[in-house]
1. Quick one: is His53 closer than 18 Å to Thr19 by Cβ, modelled with pLDDT under 75, in contact with a His (Cβ under 8 Å, 6 or more places away or on another chain) and not hydrophobic (A, V, I, L, M, F, W, C)?
2. From Ser72, Ser121, which residue is more than 23 Å from Gly28 (Cβ to Cβ) and either surrounded by fewer than 18 Cβ atoms within 10 Å (Cβ to Cβ) or modelled with pLDDT under 80 (or both)?
3. Please state which of the following conditions Lys67 fails to meet, knowing it meets all the rest: (1) in contact with a Ser or Thr (Cβ under 9 Å, 6 or more places away or on another chain); (2) under 20 Å from Val24 (Cα atoms).
4. Name the one entry in Ala100, Ala61 that is part of a helix (DSSP H, G or I), within 19 Å of the chain's Cα centre (by Cα) and either farther than 20 Å from Ile133 by Cα or without any contact (Cβ under 8 Å) to a residue 40 or more places away in the chain (or both).
5. Restricting to segment 126-140, and then to whatever is modelled with pLDDT of 70 or more and of a type in the set (Gly, Ala, Ser), can you tell me which residue is surrounded by the most Cβ atoms within 10 Å (Cβ to Cβ)?
6. Within segment 91-114, can you find the residues that are surrounded by 12 or more Cβ atoms within 10 Å (Cβ to Cβ), at pLDDT below 75 and farther than 30 Å from Val57 by Cα?
7. Scan segment 75-90 for residues that are of a type outside the set (Val, Ile, Thr), within 16 Å of the chain's Cα centre (by Cα) and surrounded by 13 or more Cβ atoms within 10 Å (Cβ to Cβ) and jot them down.
8. Under 6 Å between Cβ atoms, which residue pairs at least 6 apart in sequence (or on different chains) link something in segment 1-14 that is assigned to a loop (DSSP other than H, G, I, E, B) with a partner that is modelled with pLDDT of 65 or more and surrounded by 14 or more Cβ atoms within 10 Å (Cβ to Cβ)?
Amino acid sequence: MIEGGNMFYDNLILIPAITFLVTVFLKGCIVRYKTGKIDLARSLGSGWMPSVHSAVVVSLATAMALKHGMMSDYFAVALTFTVIIIYDAMNVRFQAGQHAAALNKSLWQKKYNESLWHLPSEAFAGSILWIIIAVLLSVL
């Protein structure tokens with residue numbers, strides 16, 4: 001467990017905040033690379049690689065495990081929260097996207113956002129990236 005004296009772990013909110021900012025930036029770079037244009041709405045929005053949702057909650061859960069231990073109540077709460085968020089990002093919002101696609105088709109116009117969900121690979125990429133970053137921040 002991490003003791004006091006580490007700026008990031010003394011102010012635990014910094015880890016998910018940094019995660020959010022860097023992941024949105026990385027997502028923006030990937031969107032720019034794939035589409036050829038800067039799209040802030042898509043960078044901040046749902047879907048695409050990496051999953052900002054997954055990255056933020058995984059970084060928080062990892063930080064909680066490092067600071068308080070894997071057997072702590074804090075980590076248990078963060079891990080439960082993480083599982084729910086990732087499940088939602090991949091499954092519940094997938095169904096919402098399917099509904100949006102059906103509505104768009106029946107209305108003959110693209111009125112509703114169909115890209116609400118993440119592929120498992122997008123959630124996994126966000127998760128692994130921020131486990132590594134949370135661990136690296138623990139040694140600063």
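The values are calculated or read from the model by the stated rules, or taken from the named source; none is laboratory data. Nothing here was measured: the structure is a model prediction, and the numbers come from that model. Cβ: placed from backbone, ideal geometry, glycine included. Neighbour counts: every protein chain shown.
1. In short, no.
2. None of the other options fit; the residue is Ser72.
3. (2)
4. Testing whether each residue is part of a helix (DSSP H, G or I), within 19 Å of the chain's Cα centre (by Cα) and either farther than 20 Å from Ile133 by Cα or without any contact (Cβ under 8 Å) to a residue 40 or more places away in the chain (or both) leaves just Ala61.
5. That would be Ala134.
6. Lys110, the sole residue that qualifies.
7. Selection gives Ala78, Leu79, Phe81, Asp88, Ala89, Met90.
8. Ile2/Tyr9; Ile2/Leu66; Ile2/Lys67; Ile2/Ser138; Leu12/Ala63
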